[in-house]
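Engineer: This structure is in structure tokens; I'll ask about it shortly.
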Amino acid sequence: MLRRDPRSPSVRWRRPQPMSQGEAIERLESALTHTVNAVLKSPDLGHIDPVQLLMARLQEATHGAPLPLHAPSTSQHGHGIPADSIENVRDALDGVKAQPESVETLRHLLLKMSQLTVSVCEHIGEIERKSAAKASTRSAFVRTLTERIGPQPRHSWKDEWLPLNVETERMFDEKAVEKARLEGKQATCKSDSELRELAAPRTIEKKLGTYGKHLQARLDYGWPRELAEAHLVLFGVTGAIIAAALKEGSSQFATSTYLVCAALAAGAACDERSAVPVPPRCFIHLSGGAASASHKDPCFADIETPDEFGFRGFTSTAELGVYDDMRCFELGVTAEEAEAGRFSDGAGRFAMRDANDASGAPIFEPTDSDVLAVVNRPADHAGYHSAVRLPTIDSGYAYSIPPNTLYQLEAVHAPGEWVAPNGLRLNCRLLEVSITFLAHAGAGAAEGGSKFTPPVAQLQFADRKAYVRGTKELTDELVLTMEQEWLRGERWLSRDGTEFDAATEWRYVTGIAGAAGGARPELLTTFAGTRDEDHGGWDVPCFVREVNALIDEGVASRRLSVVTDPHLTREEVLAIRLYSGPGFVVINGWLRNIGRLDTGLRLKLARNPTLTYAATVRHVCSAIRKLSRITSVGEHTSGKRLLWRGIAGELDDKFWLPDSQGFVCATELGLMSTSTAESTPVDYMTKDSPNVLLQLETAAEDPTGFHCGADISMLSQFSHESEVLFPPLTMLTVNRRKGKAPPGVPAREQPWEVEYGELDGKEFKRVSVSPVFV
């Protein structure tokens, strides 16, 4: 929880700082090292109990708290540290005492110590996850169904109908049993055969017969029959099961999922052909009943809680039915009655469409739930932003929002303070959300280059899937602190052959900036210029104070709604300072080297204490998001601020092939440096060789993510670079050409915004892209 610091004259936030995982790991590894050294160096090995000494050191590392140990038979994925890990280390230490010069016994000791370290890391990860912020799913809406649940199966959706209803009955049965047990009653779950017997009468033919007129309305509107029938049957209480399977990545109901999404894509196409206006606000009750939003997807109940990046929203796997039916608001009261608090005898309640009668007509039931309102908007380059119309025979319209839709909470209105479409007021809260969805169709770190124009062999692009993956998997379980990562003393060469080492870089950024800090002259001047010419004499508190004053000014001038602490911490400032200097080489080298590995190997290397820069990346990314919110997107003749990044080399022909979602895009594996000055990346380009100049068209943050990086000039060691920094796994989508391609542009590039230019004798291909990150 954030709280005001009473010592500060201005509004500040500070967060309680528990011992980090990195600090704990450092102490645990120190305990192991101390134990081994004591055993090997003691003149009287016989009087040392290695395990007793190790446990004492481990107790010190955890401030006296008992270490949770579990028996060897317990799962490795939870509930403490395996007791046999300690025993194995003791046996290995005994072997070293007996044969101190044996390479084999020393290797055996190293292996057993490594296994204990892994167990401790896993346990600390478990502890951290218990208090971790809600994970972000903001980018997941760009995933295709194939990426989520595999290709569409060959069997019919009708083959899934009975199993789908069995699972629906199981869901209701489990909830009934849980309720009974909470009331102190004895209850047991029904057997599979009993559930099947309950589900069997609910046939496809029966449902199509009941809703025949609704089916005809959709056919008349232009829906294909197969899709209209499938959607009409699958729309309803079974949607919660389909949503749960999609969220888990299960293909159990894959055909049904594909048909639902295809039907709604066809419906959206019908809306476009018919030129129907954007729907008004549509509504659904948030909780209570099988048709509620939170029943379809439990994440709706928690939509007001910001995720790990401060975003209030999520990507839902549920199809959500919403309505603009005036009958939902018939229990409302007038403004005068609301102001007087006259909400008695059930007045002011929202009437939910709970079920249908035998003829298929809707039944409305009053509910005490809050109400979710979908604010519909026209489609744009980011996707669709309005619900799909469902033609019906009722008064008022029904609409549907497909699975894999991104929801963002925009506003919360108190009971009695919002006006329903019929002019009345309700005694419940209103949560307004926006939506975004896509129509589903079914090199070495020490080599040359700069941050702005890396050699093409070093700049490795990944695909859209890497963007969806995000960096959380690398940074959510830290094995070292940022300081420990840099004090390992890794060494590297810059493009001009100068050697740098991580420990020296750490001492520089934690000391006094510039020549006043007493740094060696040869380290102050690099190929990028002289360090901190504009920040000479600044210390870390000065950087923190100045950048946070800038943030306060930006928050106030833009009237930003702040739901999390907007200020940079000391660690975040240091991380940006490290990256803005020669340290970018090792940070991006690490990110790019592990970025293309398969998940298992990538995570192992990310948590390897001899290799990782995860803590540094976590602090850099956090700082970027905070600064991005106050970085102006500015104005340009194009209406957007332009940023620039260069590539020394040529893009592969395959780059121009649209992916399964229709994107021509690239995901940068490393941190991405861009400049506000076109000349900066051009300066680093080479003559007489191909070059690519990426022209980034920035925009303000919207529900899909950030579209402008962080201006780090105030913190940069080289502020003259006018650097705007983007986090790892930023996706760059090539913009479509609006007019005719100029002569000489290859056919594969003609649909896209590509031009050929020259500056200072350097020729390049200029590619217009739109950035996004979450």
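Engineer: Rounded, prolate or oblate: which one fits the stretch 677-774, using the alpha carbon gyration tensor with axes a ≥ b ≥ c (rounded when a/c is under 1.5, else prolate when a/b beats b/c, else oblate)? Working shown, then result.
Structural biologist: Working: a/c = 2.73, a/b = 1.21, b/c = 2.25.
Oblate, because a/c is 1.5 or more while a/b does not exceed b/c.
Engineer: Sort out for me the Cα centre separation of the stretch 309-337 from the stretch 496-547, rounded to whole Å.
Structural biologist: The stretch 309-337 and the stretch 496-547 have Cα centres spaced 54 Å from each other.
Engineer: Pop the C-beta distance of residue 760 and residue 507 into the FRET formula with R0 = 35 Å and round what comes out to the nearest 0.05. List each step's numbers first, then the result.
Structural biologist: On the way: r = 37 Å, r/R0 = 1.06.
It comes out at approximately 0.40.
Engineer: Towards the positive end of the charge dipole of the stretch 583-666, with charges on Cβ (+1 Lys, Arg; -1 Asp, Glu), say which of 609, 646, 587 has the farthest Cα.
Structural biologist: 609
Engineer: For the stretch 207-275, what does the relative contact order come out to in percent, with C-alpha contacts under 8 Å and a separation of six or more?
Structural biologist: Details: 42 pairs, mean separation 25.2, N = 69.
Normalised by residue count, the contact order of the stretch 207-275 is 36 percent.
Engineer: Ok, one more. From the Cα gyration tensor of the stretch 242-322, with a ≥ b ≥ c the square roots of its eigenvalues, which class applies: rounded if a/c is under 1.5, or else prolate if a/b is larger than b/c, or else oblate?
Structural biologist: Working: a/c = 1.76, a/b = 1.22, b/c = 1.44.
The shape class here is oblate.
Engineer: Give me the percent of the accessible area of the stretch 94-169 that comes from carbon and sulfur atoms, probe 1.4 Å, all protein chains in place. It would help to have the intermediate numbers written out before the result.
Structural biologist: Details: 2250 of 4040 Å².
Ligands and nucleic acids excluded, carbon and sulfur give 56 percent.
Engineer: Moving on to the next point. From the phi of every residue in the stretch 572-587, what ³J(HN,Hα) in whole Hz does the Karplus formula 6.51 cos²θ - 1.76 cosθ + 1.60 yield, where θ is phi - 60° and glycine or proline is x?
Structural biologist: With coefficients 6.51, -1.76 and 1.60, one gets 5, 5, 5, 5, 5, 4, 5, 5, 6, x, x, x, 4, 4, 6, 5 Hz.
Engineer: Let me ask you something else. Sort 765-771, 564-570 for me by packing, meaning the mean count of neighbouring Cβ atoms within 10 Å per residue, highest on top. Provide the component values of the computation, followed by the final result.
Structural biologist: Working: 765-771: 20.9, 564-570: 17.6.
Descending packing order for the listed peptides: 765-771, 564-570.
Engineer: Right, here's the next one. Scan the stretch 604-690 for trypsin sites (Lys or Arg not before Pro) in coil per DSSP, keeping those whose Cβ has at most 11 other Cβ atoms within 10 Å, and list them by number.
Structural biologist: 687
Engineer: Hey, which aspartates and glutamates would be in cross-link range of residue 213, C-alpha to C-alpha under 17 Å, not counting anything within fewer than 8 residues on its own chain?
Structural biologist: Straight-distance partners of residue 213: 205, 226, 229, 357, 394.
Engineer: Rounded to the nearest 0.05, what FRET efficiency is calculated for residue 499 and residue 189 with R0 set to 56 Å and r the Cβ-Cβ distance? Write down the numbers at each step before the final one.
Structural biologist: Working: r = 67 Å, r/R0 = 1.20.
The value I calculate is 0.25.
Engineer: Continuing with this model, one more query. Among the listed pairs 179/247; 472/640; 158/179, which are separated by more than 27 Å between their Cα atoms? Mind showing how you got there, number by number?
Structural biologist: Working: 179/247 25 Å; 472/640 30 Å; 158/179 32 Å.
Cα-Cα > 27 Å for 472/640; 158/179; rest within.
Engineer: Moving on. In nm, to one decimal, how far is the modelled label at residue 219 from the one at residue 206, with both set 7 Å along Cα→Cβ?
Structural biologist: 2.3 nm
Engineer: Which entries of 654/765; 740/765; 465/765 show an alpha-carbon separation above 19 angstrom in the structure shown?
Structural biologist: Values: 654/765 16 Å; 740/765 17 Å; 465/765 26 Å.
Exceeds cut-off: 465/765.
Engineer: In whole angstrom, note down how far apart the Cα centers of the stretch 638-711 and the stretch 125-183 are.
Structural biologist: Computed from Cα coordinates, the inter-centre distance equals 37 Å.
Engineer: Residue 269 to residue 226: extension gain in nm, 0.36 nm per residue of separation minus the Cα-Cα distance? Mind dumping the intermediate values first?
Structural biologist: Values: separation 43, 0.36 × 43 = 15.48 nm, distance 1.59 nm.
Here the segment from residue 269 to residue 226 would lengthen by 13.9 nm.
Engineer: Please identify every one of the trypsin sites (Lys or Arg not before Pro) in the stretch 125-229 that sits in a loop by DSSP and has no more than 11 other beta carbons within 10 Å of its own beta carbon. Can you show the working numbers first?
Structural biologist: Values: sites: 129, 130, 134, 138, 143, 148, 154, 158, 170, 175, 179, 181, 185, 190, 196, 202, 206, 207, 213, 218, 225; in loops: 138, 143, 154, 185, 190, 202.
Those satisfying the criteria are 154, 185.
Engineer: Cα to Cα, under 19 Å, and not fewer than 8 places away if on the same chain: which lysines meet these conditions relative to residue 185?
Structural biologist: Straight-distance partners of residue 185: 175.
Engineer: Mind ranking 107-113, 574-580 by how tightly packed they are, going by the mean number of other C-beta atoms within 10 angstrom, highest first?
Structural biologist: Details: 107-113: 16.6, 574-580: 26.7.
Highest mean packing first, the order is 574-580, 107-113.
Engineer: Can you give the FRET efficiency for residue 740 and residue 278, using 1/(1 + (r/R0)^6), R0 = 35 Å, r = Cβ-Cβ distance, to the nearest 0.05? All intermediate terms of the calculation are to be shown ahead of the outcome.
Structural biologist: On the way: r = 31 Å, r/R0 = 0.89.
Given R0 = 35 Å and the Cβ-Cβ separation, E is 0.65.
The values are calculated or read from the model by the stated rules, or taken from the named source; none is laboratory data. Quantities reported herein were computed from a predicted structural model and do not represent experimental measurements. Note that we place each Cβ from the backbone using ideal geometry, even for glycine, and neighbour counts take in every protein chain shown. To get the accessible areas, we keep the full protein, side chains included, count just its heavy atoms, and leave off ligands, DNA and RNA. Shrake-Rupley method; radii C 1.70, N 1.55, O 1.52, S 1.80 Å.
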